[in-house]
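Right, one structure below, let's go through it.
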Amino acid sequence: MRLEVSNITVQIHEHTIVNDLSMMLDQGELVGLIGPNGAGKSTLLKAIIGARKLSNGRVMIDGVPLERLSVIERARNLSYLPQERYVEWQLPVRAVVMLGRFPHRQGFGPPTPDCEVAVDRALDAVDATPFALRSVTSLSGGERARVLLARALAVEAPLLMVDEPITELDPYHQIHVMEILRNRADEGTGVLAVLHDLAMAARFMDRLILMNYGGIVSTGKPTEVINRANLENVYRVSPLNQPASHEALTSPWQKMDRNN
Amino acid sequence: MDDQKHYYFLIGILAFLVAILFTFSVLVGTTGSGLSDIFTTIGQHDSEISSLIIREIRLPRAILGLLIGATLGLAGATLQGYLRNPLAEPGVIGVSTAAALGAVLAIYTGLSLVVPLALPLMAIGGSLIVVLLLQTLAGAGSVLTLILAGVAISSLCGALTSLVLNLSDNPFASLEIVFWLLGSITDRSMAHVWLAAPFILTGWLLLIASARALDVLSLGEEVALSLGVNVKQTRLLVVSGTAISVGACTAVSGVIGFIGLVVPHLLRPLVGHHPSRLLLASALAGASLLLCADILVRIVSSSTELKLGVVTALIGGPFFLFLILRLKAFYGT
């Protein structure tokens with residue numbers, strides 16, 4: 001399955017947030033979407049799932065424009081984890097993850113064994129089984145973030161869009177979640193993840209897309225994208241000097257003035 | 001599953017409670033009737049006074065109590081789920097006040113004296129206008145736009161109702177308007193039941209159709225959309241379902257508050273906080289509460305009967321304060 005974004009433009013209140021952007025995501029590929037705040041990364045993800053109106057361009061899955069698919073077909077193919085970790089009501093963790101099975105369930109009957117298995121798998125993947133019966137509002141920020149990731153995984157869609165999946169996590173779980181995404185990609189899922197942690201992006205991603213001002217500045221292997229010039233021009237930081245072989249595993253070190 | 005069993009058990013208990021209260025509602029009144037009278041009466045064309053009272057006065061009253069209570073509970077639960085706000089209730093989208101305005105106009109113009117069903121019909125008309133207005137104003141907007149539009153419509157209809165009262169030079173009409181606004185199901189006939197029931201039942205179907213989407217909406221509109229929920233269609237179901245059913249209720253009973261607010265609040269922890277499971281439970285509990293309040297009204301007052309809307313507010317208000325205090329203790333703030 002292939003996701004194809006061609007020449008999309010998204011405007012919000014007459015501001016152009018995504019500008020004539022094209023990209024592709026193939027099955028089994030783990031792609032990082034990076035760029036400074038306000039570059040348009042989250043809006044691009046929202047546009048892909050159909051939550052933002054396109055002023056131009058189209059999003060296609062296997063050559064079929066998104067608007068030609070039914071909402072359920074679209075939901076089964078594209079799973080989405082937003083940046084906001086929002087849950088209203090004190091639902092039990094397992095029930096939240098089960099909501100990910102919505103596109104696969106019809107009517108009011110109890111969940112099918114398939115759904116139960118998918119939910120168990122997702123809970124297990126994010127280490128959330130021990131607190132599966134607790135209320136989601138009683139969890140810490142990081143635990144809640146993992147539960148919501150499990151919800152997105154439980155859809156078991158061939159394409160997975162995740163917005164800042166590791167931002168609120170401790171180092172152990174950051175690596176853990178990156179490994180989950182890596183595994184999913186190895187199993188055939190196409191994963192597009194918005195990331196701010198450049199070292200993680202460099203270490204785990206097959207390919208990076210660097211965005212700025214609503215467009216793509218650079219795309220390619222992590223070593224090709226994360227370099228001194230891009231850090232200085234796009235992120236406005238200079239990196240801590242690293243041996244050349246580890247250049248992509250950089251640590252942003254110093255702010256740079258906009259005029260520099 | 002244990003959770004599922006617990007839910008069915010709760011529904012069973014609530015259904016049993018409704019059945020008991022409904023029977024009791026038909027039994028209780030200033031003229032005593034035994035249980036055997038009821039079963040021999042319903043369906044028979046006996047012209048005995050007690051059977052006449054049961055068939056023509058108490059039965060419609062009990063049926064309306066059941067339908068209205070269930071509607072308020074169901075619509076309250078649906079709106080709280082849809083708006084993701086525990087303070088939402090049917091009044092929040094302006095339906096009750098618009099229906100009340102329609103009814104008040106029917107009384108003011110004297111139309112209700114000429115055509116007895118003009119009052120409920122105009123009230124239903126008022127609530128249908130609200131559906132159109134809300135769809136036009138907030139059809140594609142956010143939840144916030146819907147609430148704002150609802151508040152605006154509600155204030156406008158309230159102001160217009162006050163204007164009608166202000167302009168009314170007939171003290172009897174004014175008194176009738178005020179009394180009607182207080183909310184009651186006394187002296188309603190089967191004609192009222194037949195008039196309101198189709199609208200109420202249609203509204204129920206629309207509200208229930210939105211149930212599954214409500215669960216997914218707990219994660220926000222964008223996630224719901226990404227999971228295959230048709231957000232616009234859900235809004236149409238919730239808004240029109242509430243307007244049609246609550247409008248029809250207000251049309252026959254006047255404004256009865258607090259049930260739609262308190263009942264879902266009370267039941268939420270008992271159904272594991274699932275918005276969809278809250279619907280049926282709230283409908284049954286709403287019916288129980290209204291039947292109970294209506295029975296109380298009959299038992300407590302003898303000469304001047306207390307109005308049902310007044311009693312529900314009297315029970316609901318302090319109860320709501322108690323809930324807030326308990327929440328405050330829970331969060332320790």
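Worth a mention:
- Across segment A:113-122, the qualifying residues are those that are over 10 Å from A:Ala150 (Cα atoms) and of a type in the set (D, E, K, R), and the one among them that is surrounded by the most Cβ atoms within 10 Å (Cβ to Cβ) is A:Glu116.
- Taking each residue of segment B:271-285 that is of a type in the set (Gly, Ala, Ser) and looking for partners that are outside any helix (DSSP H, G or I) with beta-carbon atoms closer than 7 Å, six or more apart or interchain, yields B:Gly272/A:Pro92.
- Within segment A:187-204, tally of residues that are open to solvent by 30 Å² or more (accessible area, probe 1.4 Å) and either in the same structural domain as A:Glu232 (by TED's automatic domain parsing) or under 26 Å from A:Leu21 (Cβ atoms) (or both): 4
- When residues of segment B:185-212 are limited to those that are of a type in the set (Ser, Thr, Tyr) and surrounded by fewer than 23 Cβ atoms within 10 Å (Cβ to Cβ), the one farthest from B:Ile124 (Cα to Cα): B:Thr186
- When segment A:123-168 is filtered for residues that are of a type in the set (S, T, N, Q) and either crowded, with 22+ Cβ neighbours inside 10 Å or outside any helix (DSSP H, G or I) (or both), the ones remaining, listed by number, are A:Ser135, A:Ser140, A:Thr167.
- Looking only at segment A:51-77, residues that are over 28 Å from A:Phe131 (Cβ atoms), open to solvent by less than 30 Å² (accessible area, probe 1.4 Å) and within 7 Å of another protein chain (Cβ to nearest Cβ) come to 1 in all.
- Only one of the numbered conditions (1) over 16 Å from the mean Cα position of the chain (by Cα); (2) within 27 Å of A:Asp62 (Cβ to Cβ) is not met by A:Leu153, and that is (1).
- Check on B:Gly81, under 30 Å from B:Phe172 (Cβ atoms) and surrounded by 24 or more Cβ atoms within 10 Å (Cβ to Cβ): no
- Helices (runs of 4 or more DSSP H) enclosed by segment B:39-122 - at least 1 residues per element that are more than 25 Å from A:Gln90 (Cβ to Cβ) and modelled with pLDDT under 90: B:49-52, B:95-108, B:111-114
- The residue that is modelled with the highest pLDDT, counting only those in segment A:85-95 that are open to solvent by 10 Å² or more (accessible area, probe 1.4 Å) and more than 7 Å from chain B (Cβ to nearest Cβ), is A:Arg94.
- Matching residues, segment B:314-326, being open to solvent by less than 80 Å² (accessible area, probe 1.4 Å) and either of a type in the set (S, T, N, Q) or over 20 Å from B:Leu21 (Cα atoms) (or both): B:Gly317, B:Pro318, B:Phe319, B:Phe320, B:Leu323
- Set A:Arg184, A:Arg228, A:Arg207: member being open to solvent by 20 Å² or more (accessible area, probe 1.4 Å) and closer than 30 Å to A:His104 by Cα: A:Arg184
- Hey, A:Ser135 over 19 Å from the mean Cα position of the chain (by Cα), small (Gly, Ala, Ser) and at the interface with another protein chain (Cβ under 9 Å from one of its Cβ atoms) or not: yes
- Taking the criterion of being surrounded by fewer than 22 Cβ atoms within 10 Å (Cβ to Cβ) and either at the interface with chain B (Cβ under 7 Å from one of its Cβ atoms) or assigned to a loop (DSSP other than H, G, I, E, B) (or both), the residues of segment A:96-111 that qualify are A:Arg105, A:Gln106, A:Gly107, A:Phe108, A:Gly109, A:Pro110, A:Pro111.
- The numbered conditions (1) buried (at least 19 other Cβ atoms within 10 Å of the Cβ); (2) at pLDDT below 85 are all true for B:Phe330 except (1).
- Filtered by the rule that a residue be free of Cβ contacts under 8 Å to residues at least 40 places away in the same chain and out of contact with any Pro (no Cβ under 7 Å at 6 or more places or on another chain), segment A:227-242 gives A:Asn227, A:Ala229, A:Asn230, A:Glu232, A:Asn233, A:Ser238, A:Leu240, A:Asn241, A:Gln242.
- Of residues in segment B:85-124 being among the hydroxyl-bearing types (Ser, Thr, Tyr) and free of Cβ contacts under 8 Å to residues at least 60 places away in the same chain, the one farthest from B:Ala75 (Cα to Cα): B:Thr109
The values are calculated or read from the model by the stated rules, or taken from the named source; none is laboratory data. Remember, predicted model here, so these are calculated numbers, not experimental data. Please note: Cβ atoms are built from the backbone with ideal geometry, for glycine as well, and neighbour counts cover all protein chains shown. What goes into the accessible areas is simple: the full protein's heavy atoms, side chains included, and nothing from ligands, DNA or RNA. Shrake-Rupley method; radii C 1.70, N 1.55, O 1.52, S 1.80 Å.
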